Structures are given as C-alpha cells and as structure tokens.
Amino acid sequence: MGNLFIKRSLKPRYTYEEMQEIARIELERLKNISDEEYDKDIDYSDIPPLTDEELAKFKPARLRQKKSQNVAS
C-alpha cells in the first residue's frame, strides 16, 4: 500500500488587509445592534424574577469570600 498525502493550500483565504476590513465591518454591525434586537430570540419566561430580598442579599463575585476546599489524600 502506498502513502496517502493530502496537499493543503499554503495561500491564505484572505489578506491581512481584507481581514482588517472584515473585522471593522463586523464590529460596526455589532455596535449598531440594540439590546431589544439582541435579546429578541431569548426566552426568559422560565426564569423567575428576583425578589427584593434576594436582590438585597446579592454580593458581586469580587467581594465574595472564597471557600477553602480540603482535599483528602
């Protein structure tokens, strides 16, 4: 049996300048999307709203104490 070699193209699909232009266009498109348009396909109906009591207990992650974990040997 002979060896099978797969030749890959060494030529990039886009030039560096083309990739910069594609990225610029995509960033501009993303900047122009409103929150309502972004969230229109997300169904939040199965998530219960937080109560005032729950919101009062909220602490940002950066302020929470890290719990130490004991690892049994």
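Model label sites at residue 45 and residue 59, defined 7 Å from Cα along the beta-carbon direction, differ in position by 3.7 nm.
Ignoring solvent entirely, what values of log10 I(q)/I(0) come out of the Debye formula for the stretch 16-56 at 0.22, 0.29, 0.30 Å⁻¹ when each Cα is a single scatterer? One equal scatterer on each Cα of the stretch 16-56 leads to -0.80, -0.93, -0.95.
Coordinate-derived values only; no laboratory data. Just so it is clear, the model here is predicted, and its values are computed rather than measured. Backbone-built Cβ (ideal geometry, glycine too); neighbour counts: all protein chains shown.
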